[in-house]
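The structure under discussion appears below in the form of structure tokens.
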Amino acid sequence: MVTPETPASKQSKILSIETMSLGLNIRGSTLLNDISIQVTTSGVTMILGPNGAGKSLLIKCLHGLIEPTKGRFEIALHRCSDPIPQAMVFQKPVLLKRSVMENLQFADQHSCQRTDLEQALDAVRLLEKKDQPATQLSGGEQQRLSLARALITQPKLLFLDEPTASLDPASVLIIEQLINQASQQGVKSVFISHDIGQAKRLASDVIFLNRGQVTEHTDAATFFTNPQSREAQAYLNGEIVL
Ligand SMILES: Nc1ncnc2c1ncn2[C@@H]1O[C@H](COP(=O)(O)OP(=O)(O)OP(=O)(O)O)[C@@H](O)[C@H]1O
Ligand SMILES: [Mg+2]
């Protein structure tokens with residue numbers, strides 16, 4: 001399997017994620033199986049694969065929310081031994097029963113100025129709703145607030161589980177711009193999507209998962225023009241992946 005890499009000249013500040021035969025077994029079902037990947041690219045690593053492939057479970061493991069039952073993984077930042085600040089945007093938004101602004105304030109570990117918090121809400125077009133109860137936001141607005149909340153923690157590593165799944169096209173672009181901006185500021189993103197157009201716009205490299213196993217990990221250009229695995233070829237052709 002090809003492991004895409006960022007050129008050595010750019011690697012000094014790059015975060016790496018490595019899994020060694022990582023597996024997850026729950027009540028006798030093997031949900032993740034023998035996953036060995038090495039991510040050393042900057043920018044956005046896209047995880048693609050059919051429903052039920054194990055994409056969400058994999059990033060939950062990497063975010064420390066689920067303990068793998070086999071193997072292990074390491075997340076490291078070159079020349080840095082401190083814990084790496086990481087954040088996650090969940091497939092189903094989980095918000096506090098408080099106002100939009102209070103949801104941001106609760107996540108803010110850096111004592112940001114109110115103007116910074118307002119700017120963060122403005123970036124996801126939610127400033128006008130800052131005093132509304134967060135749980136009364138629409139589905140797409142809740143996803144946008146979830147992203148603002150993740151970014152306010154100033155992560156170096158960001159896991160995004162279908163963060164634009166219920167967004168209108170304009171909101172999708174806003175979110176993609178924010179992710180690109182974060183990438184330029186050195187934030188590594190691991191992004192799950194079923195939107196092939198979006199994957200093409202954002203990905204540096206693609207990990208394809210099927211039935212709990214990685215069938216390939218290739219750079220984005222190769223993945224979209226010449227996918228290596230039969231499963232990825234079928235997925236990109238809109239066929240049922242078996
Ligand atoms: N806690 C659990 N116990 C048992 N099975 C689980 C558990 N969580 C997830 N699964 C199963 O593991 C499989 C992978 O789930 P996961 O949520 O990772 O899929 P996914 O690739 O993210 O799919 P989707 O594209 O639909 O979001 C599914 O078949 C799911 O039913
Ligand atoms: Mg999922």
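Defining a contact as two alpha carbons under 8 Å apart and six or more residues distant in sequence, what relative contact order in percent does the chain show?
Answer for the chain is 27 percent.
With +1 on the Cβ of every Lys and Arg and -1 on the Cβ of every Asp and Glu, and nothing else charged, how large is the dipole of the chain about its Cα centre, in debye rounded to the nearest 20?
For this selection, approximately 320 debye.
How large is ³J(HN,Hα), in whole Hz, for each residue of segment 129-141 in order, when computed from phi with the Karplus curve 6.51 cos²θ - 1.76 cosθ + 1.60 and θ = phi - 60°, using x for Gly and Pro?
Rounded to whole hertz, the list is 9, 4, 9, 7, x, 4, 6, 8, 6, 5, x, x, 5.
7 Å from Cα along Cα→Cβ at both K97 and E67: what's the point-to-point distance in nm?
3.1 nm
Please turn the phi angles of segment 220-225 into ³J(HN,Hα) values with the Karplus equation 6.51 cos²θ - 1.76 cosθ + 1.60 (θ = phi - 60°), one per residue in order, whole Hz, x for glycine and proline.
Result, rounded to whole Hz: 4, 4, 5, 4, 7, 9.
Give the range of the longest stretch in the chain that excludes all trypsin sites (Lys or Arg not before Pro) found in loop regions by DSSP and having at most 10 other beta-carbon atoms within 10 Å.
Longest site-free region, per DSSP loop and neighbour criteria: 98-242.
Could you work out how far apart the two model spin labels at D131 and R79 are, taking each label as a point 7 Å from the Cα in the direction of the beta carbon, and quote it in nm?
Result: 4.9 nm between the two label points.
Note the count of lysine pairs whose C-alpha atoms are less than 15 angstrom apart in segment 8-236, limited to pairs 8 or more residues apart or on different chains.
Taking segment 8-236 as the scope, the lysine pair count is 9.
What are the ³J(HN,Hα) values, in whole Hz, obtained from phi via the Karplus relation 6.51 cos²θ - 1.76 cosθ + 1.60 with θ = phi - 60°, for each residue of segment 104-120 in sequence order, with x given for Gly and Pro?
5, 4, 5, 7, 6, 9, 10, 6, 5, 5, 4, 5, 5, 5, 5, 5, 5
How large is the translational diffusion coefficient of the chain in µm² per second when you combine the Kirkwood radius over alpha carbon pairs with Stokes-Einstein at 25 °C and 0.890 mPa s?
D = 132 µm²/s.
With each label point set 7 Å from Cα along the Cα-Cβ vector, what nm distance links Q184 and T30?
4.5 nm
Can you give me the C-alpha center-to-center distance between segment 129-203 and segment 66-88, rounded to a whole angstrom?
Each part reduced to its Cα centre gives a spacing of 22 Å.
For a quick check: with amide H placed at 1.01 Å from N, whose amide H comes under 5 Å from G43's, ignoring anything fewer than 5 positions away on the same chain?
S189
Search the structure for amide H atoms under 5 Å from the amide H of L31, placed 1.01 Å from N in the peptide plane, and list their residues when 5 or more places away or on another chain.
L24, N25, I26
Have a look at L137, P50, F73 and report the one farthest towards the positive end of the charge dipole of the chain, computed about the Cα centre with Cβ charges (Lys/Arg +1, Asp/Glu -1).
Result: F73.
Please give the length that would be gained between R114 and N237 if that part of the chain were fully extended, namely 0.36 nm times their separation in residues minus their C-alpha to C-alpha distance (nm, one decimal).
39.5 nm
For segment 65-132, what mean projected area does the convex hull of the alpha carbons give, in nm²?
Orientation-averaged projected area of the Cα hull: 7.2 nm².
Any read-out appearing in this document is the output of simple, stated calculations on the displayed coordinates, not a laboratory observation. Because the structure is a prediction, the values reported are computed rather than measured. Quick reminder, even Gly has a Cβ in these numbers, built from the backbone with ideal geometry, and neighbours come from all protein chains shown.
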